[in-house]
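For reference, the structure is listed below as structure tokens.
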Amino acid sequence: MNLNLTTATRIGLNLSAFLGIAALLTLGASIFVPLTLSLLTASVLFPGARFLHHRVRLPWFFSCLVVLLAAVALFLAVFVAFAVAIPRTIEGLPKTEPAWKEQYKEIQRNVSAVVPYKVDQWLHPDPDQSKVYAVVKEAFSENNLTVGVGRLAKHLLEYLWQAILIMFITLFLLLEGQMLADKVRAILGPSRQTQDRVTKAAAEMAEAIRVYLVWRTIVNLVLAVVLGAVYNAAGLKYWYLWALLVAVLSYIPYLGTIAAGIPPVLDAMIFVDPAVAITIGVLYTGVVTFEGYIIVPWVMGRSMDLNATTVLLACLFWELLWGIPGLFLAMPLMAAVKAVCMQVEGWQGWGDLMGSGPAKPLRLEADPDPGRVSVNGAPDPGDRLKGGSPAAGDPKSDGY
């Protein structure tokens, strides 16, 4: 059955399909988020399991189990680091009313030294007359801190359950990955050409995700070590927590980097010196700029060839669908989507749209009528003449 669909109808159908998929992903977040994290983790761990199986001669089950336990150990190390750093940060807060007022006066003096214009209007020198002091004191009161720690512990327990579920799904994907991949290829089409395209798209997706996650983790750890050393040398009170935030939030492009840079500057402003705060801000900007424009393109290459507009829109879209996990998954998911677009006939233009390279020039194609030339398949208006298109070599083909 041949349906003659107009361009507007096609756009409407595609938009309806897109909204339907988005609604499905949102409603099924409790299923799709753990499954997506498991797929990403399995794609990263698979080469390690294959190495242990072929080179070390371990059985396939034990090879998968070893690499998974290594990933779990890394996750637990980060979890324990935060579990130690957060209580130490809370213990460093002022405990008495005079201590809170003295801390406020020091902050007011530091801010006035950096921003001398009308600071007293919104940050009054007297704590008793300052609305900011009253709000901050109430936010960090003992009762609110107890409630906040309880909520944090509840969320951590929920994430712990999710982590256990993801661990088991990842183990099953590693054990049965090749069998599942063969069955997916068989479902998508019996022809050799279709299966070759599916295989190539899956390989490019796995490679892009693997390169991003592995190198992103290495770069984040290096950033945490370097910036942590800078924060410690500058005398920041909570330098260890800010270094951990850099290691975690740098998985979120642009937004996470900005969010990780604000706390150390405020720490220096409050507890050290305004000049140190400015110095840390400049150093942090220089380090993350060098990392973003030199290190990341060099180590990741074209696997993360996504333009900034696509990345920011992806962060907004996946955060809307899946919340905080969507922010961390935005980059690897878009890398996978681009890899699929580049392998599906007719979708290559969308893959190019997401890339950071220049637009491809228009391509001249021969028209079926040898007397005309078309641009990307469209007839050249200059060759459309009254009474039809003249044949090649016709002396009247100049349009007269």
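The values are calculated or read from the model by the stated rules, or taken from the named source; none is laboratory data. If you're wondering where the values come from, they're calculated on a predicted model, not measured in any experiment. In this analysis, Cβ positions are derived from the backbone assuming ideal geometry, glycine residues included, and neighbour counts consider all displayed protein chains.
Every listed requirement among (1) buried (at least 20 other Cβ atoms within 10 Å of the Cβ); (2) assigned to a helix (DSSP H, G or I); (3) touching a residue at least 24 places away in the same chain (Cβ under 8 Å) is met by ALA260 save one, (3). With over 27 Å from PHE317 (Cβ atoms), surrounded by 16 or more Cβ atoms within 10 Å (Cβ to Cβ) and of a type in the set (Ser, Thr, Tyr) as the only criterion, which of SER63, SER43 stands out? One residue alone meets the criteria, SER63. How many residues, within region 105-115, are of a type in the set (Val, Ile, Thr), exposed (fewer than 14 other Cβ atoms within 10 Å of the Cβ) and in a helix (DSSP H, G or I)? Of the residues in that region, 1 qualify.
When region 306-362 is examined, which residues are found to be charged (D, E, K, R), assigned to a helix (DSSP H, G or I) and free of Cβ contacts under 8 Å to residues at least 12 places away in the same chain? Within region 306-362, GLU319, ASP352 qualify. Could you please let me know if LEU236 is in contact with a helix residue (DSSP H, G or I) (Cβ under 7 Å, 6 or more places away or on another chain), touching a residue at least 12 places away in the same chain (Cβ under 8 Å) and not in a helix (DSSP H, G or I)? Yes.
Might you let me know whether region 17-27 holds any residue that is more than 24 Å from the chain's Cα centre (by Cα), in a loop (DSSP other than H, G, I, E, B) and modelled with pLDDT under 90? Taking every residue of region 17-27 in turn, none turns out to be more than 24 Å from the chain's Cα centre (by Cα), in a loop (DSSP other than H, G, I, E, B) and modelled with pLDDT under 90. Residue by residue through region 140-184, note down the ones that are touching a residue at least 40 places away in the same chain (Cβ under 8 Å), among the aromatic types (Phe, Trp, Tyr) and part of a helix (DSSP H, G or I). Once the filter is applied, which keeps residues that are touching a residue at least 40 places away in the same chain (Cβ under 8 Å), among the aromatic types (Phe, Trp, Tyr) and part of a helix (DSSP H, G or I), region 140-184 yields nothing. Filtering TYR251, TYR293 for residues that are among the hydroxyl-bearing types (Ser, Thr, Tyr) and either crowded, with 16+ Cβ neighbours inside 10 Å or under 25 Å from VAL80 (Cα atoms) (or both) leaves a single hit, TYR251. Looking only at region 86-104, how many residues end up being in a helix (DSSP H, G or I) and over 26 Å from GLN129 (Cβ atoms)? Of the residues in region 86-104, 6 are in a helix (DSSP H, G or I) and over 26 Å from GLN129 (Cβ atoms).
Condition check ((1) under 21 Å from VAL214 (Cα atoms); (2) in a helix (DSSP H, G or I); (3) at pLDDT 90 or above; (4) in contact with a Leu (Cβ under 8 Å, 6 or more places away or on another chain)) across all residues:
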position: MET1; (1), (2), (3), (4): no, no, no, no
position: ASN4; (1), (2), (3), (4): no, no, no, no
position: ALA8; (1), (2), (3), (4): no, yes, no, no
position: ILE11; (1), (2), (3), (4): no, yes, no, no
position: ASN14; (1), (2), (3), (4): no, yes, no, no
position: HIS53; (1), (2), (3), (4): yes, yes, yes, no
position: PHE61; (1), (2), (3), (4): no, yes, yes, yes
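A single entry from LEU165, LEU188, LEU173 fulfils the requirement of being at pLDDT 80 or above and closer than 27 Å to ASP305 by Cβ: LEU173. Hey, among VAL219, VAL226, VAL211, VAL198, which residue is under 30 Å from PRO274 (Cα atoms), of a type in the set (A, V, I, L, M) and buried (at least 16 other Cβ atoms within 10 Å of the Cβ)? It is VAL219.
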